[in-house]
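Down below is the structure, laid out as structure tokens.
The values are calculated or read from the model by the stated rules, or taken from the named source; none is laboratory data. All figures in this text were calculated on a predicted structure; none of them were measured in a lab. Methodologically, a virtual Cβ is constructed for each residue, glycine included, from the backbone with ideal geometry; neighbour enumeration extends over all protein chains shown. The protein model used for the area step is the full one, side chains on, heavy atoms only, and it has no ligands, DNA or RNA in it. Shrake-Rupley method; radii C 1.70, N 1.55, O 1.52, S 1.80 Å.
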Number of protein chains: 2
Amino acid sequence: MTNPALPITSADIDSAAAVIAPFAVRTPLLSSPSLDALTGATVFLKPEVLQRTGSFKFRGAFNKLSSIPQDARAGGVVAFSSGNHAQGVAAAAQILGMQATIVMPADSPLSKRERTKGYGAEVVLYDRYTEDREAIAGAIASQRGATLVRPYDDPFVMAGQGTVGREIAQDLAALGIVPDIVVAPASGGGLVAGIAIAVKARFAEASIIVAEPAGFDDHARSMRAGHRQAHSNDSKTFCDALMALIPGELTFAVNQRLLADAVSANDAEVGAAMAFAFRDLKLVVEPGGAVALASLMSGKFDARGKTVVIVLSGGNVDADLYASIINAN
Amino acid sequence: MTNPALPITSADIDSAAAVIAPFAVRTPLLSSPSLDALTGATVFLKPEVLQRTGSFKFRGAFNKLSSIPQDARAGGVVAFSSGNHAQGVAAAAQILGMQATIVMPADSPLSKRERTKGYGAEVVLYDRYTEDREAIAGAIASQRGATLVRPYDDPFVMAGQGTVGREIAQDLAALGIVPDIVVAPASGGGLVAGIAIAVKARFAEASIIVAEPAGFDDHARSMRAGHRQAHSNDSKTFCDALMALIPGELTFAVNQRLLADAVSANDAEVGAAMAFAFRDLKLVVEPGGAVALASLMSGKFDARGKTVVIVLSGGNVDADLYASIINAN
């Protein structure tokens, strides 16, 4: 029996790369002698913290908004997001001259809310624990004729995020290096799905690993079960960007097939990784953006002697939280 | 009358590039849409914060230590430094299997002292305001038969730092972009001298500007006077890396001929630049490393409509100082 087609192909990612090229930052692959010494691996960092809006989310958002037909653009766009997708959509809408409304949790980092407004978007707050963000966004979409821009379960969004993997593969190929392992964080799983398709198109043997906050391990549970499962955690994590309840439907169709493993790191391990990034990498990484690095540093997979790519997916963290983390570690 | 030869040539920088290539990080040129929007310029950032040891100093140190004849290596090396040259020399010595002794001010950042020791160097502390670091280092050199590694006034060190400019020129040339202005911080002036030679070898019309902490403007005073002058400031700046009293002799021979201008930024402007780098660039930059960016952001030269390269020379800053700066700005 042949597998059903995946929701996107590497050709979709090639198209997305051309669409976003004039506006997205082509982030470099960085190496760190101190991280290599610490882990015994040859590590390459993909710092999406350096991306426009401070996270990879701009890629998918811009690709999606660019796909909206001209006659539908006047209605604007609406999105729900804890903050990084919010900024990505707001910035993409600003560039394309569209109105954006973003539904954000009231407890999302202040800097993320302020920066979203800074890109000209209207921000509507909701309570993460009692209200349904999809319902709120859906109501706004129908009232205003706006296009809903899902944070991950959308082929254009997934293809946009996949450009992260395409750049990783291109840069490694140019260096003549074959990656053993590529690790990316996941909330809904769009980033890691896109990366898996792009990287495995060039390096079929590479193992793609998804990293989640401890307890918010819905990808790990779903991969074990063979179908989508919610995480069981009703507590909180400071990885505000990675709190989705369950993997996306389209994203999981990819991830179930292409991912090799799922690992997780707790808040203490993530804090240590953020402090390492401050002290040794000189990169500002937000909690959710540091989960893959934390998984590497805390030995959640066997990296010694291997060539490992770590995606640092975002750097949007409030100054007071950041200050407390670097002072405590 | 022809000018006397400069102490180094771009061929020396080419040689240095080959020497350091296996061990130094080839730092990327980064762009930031938000910085372009803020300044009205097309800005490229050269983030030497991502360099091995967290500053550009590794380049010059490794090139210098590699030039020491095998029969002189057993005596080890000695250097005086507020912290970045210290780490550069210590890391280079560790790689080359040499003993390093570093004379550091007692008030240098704790992280710089600890990291210098972490590279296996012996650290000797002195009082920045009452003791003569050159005399202390000289005494150690004669006692131990060690080679003194000057922080800037040495052709091998200058050539090593010049590789920063060589990479800037190469990367811009590959993009088909001609820089109007390149700005780098200076203490003794080795970095900006090396950059000036390398950049102007490819882009003769580019203006090279040196940035200093306000009050510690010995390059500005010397350029006006036409000969080396000390700064008149007996106060302190939090730009601990940029407190040299007077430009180097060799470095000023270059800088006097090749630099277009000297600008300065005060601690408040530097703090604002560090906070901007945290929030928008997601790069950890130390005070001395942020002076060029601060000069751009505070309008100390005319950047609007121009292509400007800003060197972020180092990122070694203690967590508590960094936390206070990002919380205050």
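Take the residues in region B:241-279 that are of a type in the set (S, T, N, Q) and open to solvent by 60 Å² or more (accessible area, probe 1.4 Å), then tell me which one is farthest from residue B:321 (Cα to Cα).
B:256
Those residues that are aliphatic (A, V, I, L, M) and in contact with a Leu (Cβ under 8 Å, 6 or more places away or on another chain), I need them from region A:221-257; list them, please.
A:223, A:230, A:253, A:254
Given the conditions (1) more than 22 Å from residue A:191 (Cα to Cα); (2) not in a helix (DSSP H, G or I), report the number of the one that residue A:244 does not fulfil.
Evaluating residue A:244 over (1) more than 22 Å from residue A:191 (Cα to Cα); (2) not in a helix (DSSP H, G or I) leaves (1) as the failure.
Scan region B:28-55 residue by residue and report those that are surrounded by fewer than 24 Cβ atoms within 10 Å (Cβ to Cβ), polar (S, T, N, Q), more than 15 Å from residue B:290 (Cβ to Cβ) and within 11 Å of chain A (Cβ to nearest Cβ).
Hits for region B:28-55 are B:31, B:34.
Among the residues of region A:130-150, are any at pLDDT 95 or above, in a loop (DSSP other than H, G, I, E, B), open to solvent by less than 10 Å² (accessible area, probe 1.4 Å) and over 30 Å from residue A:39 (Cα atoms)?
Yes, region A:130-150 has at least one match.
Does residue A:275 satisfy the condition of being in contact (Cβ under 8 Å) with a residue 12 or more places away in the chain, of a type in the set (Gly, Ala, Ser) and within 29 Å of residue B:286 (Cα to Cα)?
Against the criterion (in contact (Cβ under 8 Å) with a residue 12 or more places away in the chain, of a type in the set (Gly, Ala, Ser) and within 29 Å of residue B:286 (Cα to Cα)), residue A:275 qualifies.
Do we find that residue B:228 is open to solvent by 40 Å² or more (accessible area, probe 1.4 Å), free of Cβ contacts under 8 Å to residues at least 24 places away in the same chain and on the phi < 0 side of the Ramachandran plot in this structure?
Values: open to solvent by 40 Å² or more (accessible area, probe 1.4 Å): yes; free of Cβ contacts under 8 Å to residues at least 24 places away in the same chain: no; on the phi < 0 side of the Ramachandran plot: yes.
Answer is no for this residue.
Of these, B:217, B:180, which one is surrounded by fewer than 24 Cβ atoms within 10 Å (Cβ to Cβ) and under 26 Å from residue B:88 (Cα atoms)?
Matching residue, one of B:217, B:180: B:217.
Do any helices (runs of 4 or more DSSP H) entirely within region B:262-328 hold 2 or more residues that are away from every other protein chain (no Cβ under 12 Å), within 20 Å of the chain's Cα centre (by Cα) and farther than 20 Å from residue A:315 by Cα, and if so, which?
Once the helices (runs of 4 or more DSSP H) in region B:262-328 are filtered for at least 2 residues that are away from every other protein chain (no Cβ under 12 Å), within 20 Å of the chain's Cα centre (by Cα) and farther than 20 Å from residue A:315 by Cα, what remains is B:267-276, B:291-297.
If the requirement is being in contact (Cβ under 8 Å) with a residue 60 or more places away in the chain and under 16 Å from residue A:44 (Cα atoms), which of these qualifies: A:319, A:294?
Among A:319, A:294, only A:294 is in contact (Cβ under 8 Å) with a residue 60 or more places away in the chain and under 16 Å from residue A:44 (Cα atoms).
So that you can scan it fast, the table gives a plain yes or no per residue for (1) out of contact with any Ser or Thr (no Cβ under 6 Å at 6 or more places or on another chain); (2) assigned to a helix (DSSP H, G or I); (3) over 30 Å from residue A:298 (Cβ atoms):
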| site | (1), (2), (3) |
| --- | --- |
| A:38 | yes, yes, no |
| A:53 | yes, yes, no |
| A:64 | yes, yes, yes |
| A:74 | yes, yes, yes |
| A:79 | yes, no, yes |
| A:89 | yes, yes, yes |
| A:93 | yes, yes, yes |
| A:101 | yes, no, yes |
| A:114 | yes, yes, yes |
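Every residue in region A:98-118 that is at pLDDT below 95 and not hydrophobic (A, V, I, L, M, F, W, C), please.
A:105, A:107, A:108, A:109, A:111, A:112, A:113, A:114, A:115, A:116, A:117, A:118, listed by residue number.
In region B:33-85, what count of residues is obtained for those that are closer than 18 Å to residue B:13 by Cα and of a type in the set (A, V, I, L, M)?
3
Tally time: how many residues in region B:194-215 are of a type in the set (Asp, Glu) and without any contact (Cβ under 8 Å) to a residue 60 or more places away in the chain?
Residues meeting the conditions: 1.
Please enumerate the residues belonging to region B:181-221 that are assigned to a helix (DSSP H, G or I), modelled with pLDDT of 95 or more and of a type outside the set (A, V, I, L, M).
B:190, B:194, B:200, B:202
Tally the residues that are within 17 Å of the chain's Cα centre (by Cα), away from chain B (no Cβ under 14 Å) and over 20 Å from residue A:19 (Cα atoms), restricting the search to region A:56-103.
Number of matching residues: 4.
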